[in-house]
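Asker: Provided herewith is a single structure, encoded as structure tokens, for subsequent inquiry.
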Amino acid sequence: MLDLFPYYLALIVAIVLLIMLANKIKVAYPILLVLAGLAISFVPSLPTVQIDPELIFVIFLPPLLYEAAWAISWKELWKWRRIVGSFAFLIVFLTSFAVAWVSSKFIPGFTLALGFLLGGIVSPPDAVSAGAILKFVKVPKRMESILAGESLLNDASSLIIFRFALIAVSTGRIVLADAVFSFSWMVLGGVIIGVVVAFVFFKLHKLLPGDANTDLVLTLVAPYSMYMVAESVHSSGVLSVVSGGLFLAQRRHLFLSATSRLRAVNVWESVSFILNGLVFMLIGLDLPQITADLDGVSLFSAVGYGLLITLVLVITRLLSAYAAIVVTMVARNFITVADASYPGTKGPFLLGWAGMRGVVSLAAALSIPVQLSNGVVFPQRNLILFITFVVILSTLVLQGLTLPYLIRQFNLPDTDHPLPAEEAYHQMYRKLAQVSLAYLQSQYATQVNEHPAFQQLVRKWEDSNQLLDDELQTSDHKQIYLQLLDQQRQWLREWNNAPATNEEVVRKHLLRLDLEEERIHFL
């Protein structure tokens with residue numbers, strides 16, 4: 001292990017440099033990392049890296065899902081819940097069925113059960129790749145929310161399909177009643193367990209005397225606890241982490257101090273950065289293990305099968321994106337939908353094209369057992385692994401490199417938030433200054449009259465260097481100012497309930513208030 005330490009250290013340095021290069025040339029970093037890992041895997045003198053699927057599912061997946069759950073807007077997720085649900089569940093099931101049918105018809109030795117197994121593996125798009133691309137190009141907020149919401153849930157639905165298909169291949173049959181009960185328990189049990197565990201952590205934060213360090217440790221432990229508790233009772237660990245993360249994220253201002261929130265943001269961004277970089281580098285590095293034995297299938301044929309499945313995935317997702325719009329247009333006549341206007345053809349195409357696959361697919365493929373319960377070698381395991389690798393590589397390169405170009409060419413307007421983000425920020429700033437001044441004058445009229453700096457505090461909010469003078473540095477005046485910051489947070493959360501409010505702008509103001517409170521504590 002000590003002999004390999006310099007190698008892994010060099011890998012981390014390489015990951016950092018490659019991500020810096022990706023930011024420089026404005027390319028999604030997962031593409032460069034996979035290609036770099038692929039190139040490194042051909043160097044004969046370097047050690048072979050093998051991915052342990054348990055390492056991905058237990059070590060990497062919970063914190064990445066948890067961080068995504070904290071970052072997403074619950075308001076946007078609920079607003080677009082129908083289309084998010086259709087992409088995360090219905091379209092995943094349809095994609096798995098399409099892959100199962102095509103593979104059983106055109107890949108020799110594939111049964112329908114093996115096809116569903118492959119479909120469950122390759123059906124969920126990867127969130128990190130799309131998120132990395134959206135850093136460099138601007139898309140409407142609704143599209144960003146739909147892609148983020150889908151990525152939170154599609155891993156759960158695909159892994160459920162994977163589990164049932166694995167049982168079907170191993171036993172040769174599926175009992176419908178048992179399958180329905182197991183599916184219900186995986187979904188409902190995962191959500192319930194996640195919320196219960198999250199509530200326990202919420203109470204730990206509230207009741208125990210802690211500080212920023214203990215708060216941070218608890219936030220790091222929480223996702224692993226949610227995942228392992230759910231998996232131990234054969235429920236969905238993914239849904240457990242997602243539901244628990246959403247529960248705590250919505251209540252972050254109730255149990256975390258400003259200092260804890262600021263430190264958590266910095267630490268979690270670093271953790272997510274390292275974990276995402278490692279998993280994509282590992283995809284490329286694992287090629288020797290994947291190509292070790294293709295069960296007598298030629299490399300040319302195996303690549304062809306992989307490209308065939310990739311084509312099926314791309315076409316199915318594009319057709320499903322347009323079908324979702326058609327269903328919405330019909331449903332608006334009977335129910336209230338998030339947006340009843342016709343979205344055009346460009347938006348659905350971009351949603352359909354943003355279907356890059358990632359590490360969850362490879363980890364699922366690697367978790368296929370080498371042998372069945374009766375000792376027989378698992379059929380087509382190595383070919384499934386190779387097809388999965390081809391799908392990941394081809395979707396990352398083809399869709400990942402062309403998606404930014406398509407987004408720029410389509411140039412879709414943000415109909416939900418037509419005001420530019422910077423202008424919306426300053427508009428909310430002015431509104432916050434007005435209500436803050438009114439609050440000071442109504443609640444602390446005497447102090448305002450005696451200390452004009454309080455008026456200066458609100459009127460010159462943009463210039464943080466002029467907010468406080470010596471008159472405000474007494475403990476009483478600091479306390480009034482901190483109460484004002486809490487009141488502003490409450491106003492911001494109330495304003496955020498309005499559908500037209502841009503939550504991204506609200507979060508920027510909440511972060512600014514946390515920074516301001518932190519500064520006050522150090523005066």
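The values are calculated or read from the model by the stated rules, or taken from the named source; none is laboratory data. All values reported here derive from a predicted model rather than from experimental measurement. Positions of Cβ are backbone-derived with ideal geometry, glycine not excepted, and every protein chain shown enters the neighbour counts. Areas reflect the complete protein model, heavy atoms only, side chains present, ligands, DNA and RNA absent. Shrake-Rupley method; radii C 1.70, N 1.55, O 1.52, S 1.80 Å.
Asker: Taking Phe334 and the conditions (1) in contact (Cβ under 8 Å) with a residue 40 or more places away in the chain; (2) outside any helix (DSSP H, G or I); (3) not aliphatic (A, V, I, L, M), which numbered condition does it fall short on, given that it satisfies the others?
Answerer: (1)
Asker: Pairs please, first residue from region 414-429 and under 12 Å from Val506 (Cβ atoms) and part of a loop (DSSP other than H, G, I, E, B), second anywhere and open to solvent by 60 Å² or more (accessible area, probe 1.4 Å) and not hydroxyl-bearing (Ser, Thr, Tyr), Cβ atoms under 8 Å, 6+ apart in sequence or on different chains.
Answerer: Pairs found: His417/Ala500.
Asker: Open to solvent by less than 40 Å² (accessible area, probe 1.4 Å) and assigned to a loop (DSSP other than H, G, I, E, B), is that true of Gly355?
Answerer: Answer is yes for this residue.
Asker: Give me the pairs, please: first residue somewhere in region 101-112 and without any contact (Cβ under 8 Å) to a residue 12 or more places away in the chain, second residue anywhere and in a helix (DSSP H, G or I) and open to solvent by less than 20 Å² (accessible area, probe 1.4 Å), beta-carbon distance under 6 Å, and either six or more positions apart or on two chains.
Answerer: If the second residue must be in a helix (DSSP H, G or I) and open to solvent by less than 20 Å² (accessible area, probe 1.4 Å), the pairs left are Ser104/Gly115.
Asker: Here's another thing I want to ask about it. Name, by its number, the condition in (1) within 21 Å of Leu134 (Cα to Cα); (2) open to solvent by 90 Å² or more (accessible area, probe 1.4 Å) that does not hold for Gln427.
Answerer: (1)
Asker: Scan region 183-190 and tell me whether some residue there is surrounded by fewer than 16 Cβ atoms within 10 Å (Cβ to Cβ), part of a helix (DSSP H, G or I) and not hydroxyl-bearing (Ser, Thr, Tyr).
Answerer: Checked region 183-190: at least one residue is surrounded by fewer than 16 Cβ atoms within 10 Å (Cβ to Cβ), part of a helix (DSSP H, G or I) and not hydroxyl-bearing (Ser, Thr, Tyr).
Asker: Please report, ordered by residue number, the helices (runs of 4 or more DSSP H) entirely within region 197-258 with at least 1 residues that are more than 23 Å from the chain's Cα centre (by Cα) and either of a type in the set (A, V, I, L, M, F, W, C) or modelled with pLDDT of 95 or more (or both).
Answerer: 212-232, 252-255
Asker: What is the residue count in region 255-280 for residues that are open to solvent by 30 Å² or more (accessible area, probe 1.4 Å) and closer than 28 Å to Gln50 by Cβ?
Answerer: Qualifying residue count for the region: 5.
Asker: Determine, yes or no, whether Ile15 is over 15 Å from Gly277 (Cβ atoms) and at pLDDT 85 or above.
Answerer: Working: over 15 Å from Gly277 (Cβ atoms): no; at pLDDT 85 or above: yes.
Judged against the criteria, Ile15 is not a match.
Asker: If you don't mind, there's one more thing I want to ask. Scan region 478-523 for residues that are of a type in the set (A, V, I, L, M) and not in a helix (DSSP H, G or I) and jot them down.
Answerer: Ala498, Ala500, Leu523
Asker: Keeping to region 118-155, report how many residues are at pLDDT 90 or above and either farther than 24 Å from Pro62 by Cβ or surrounded by fewer than 24 Cβ atoms within 10 Å (Cβ to Cβ) (or both).
Answerer: 2
Asker: Could I ask something else about it? Starting from region 223-240, take each residue that is free of Cβ contacts under 8 Å to residues at least 40 places away in the same chain and of a type in the set (Ser, Thr, Tyr) and list its partners that are surrounded by fewer than 24 Cβ atoms within 10 Å (Cβ to Cβ) and not in a loop (DSSP other than H, G, I, E, B), counting only C-beta distances under 8 angstrom and pairs at least six apart or across chains.
Answerer: Cβ pairs passing all conditions: Ser225/Phe201.
Asker: From the list Trp80, Trp70, exactly one residue is in contact with a Ser or Thr (Cβ under 7 Å, 6 or more places away or on another chain) and surrounded by 16 or more Cβ atoms within 10 Å (Cβ to Cβ). Which is it?
Answerer: None of the other options fit; the residue is Trp80.
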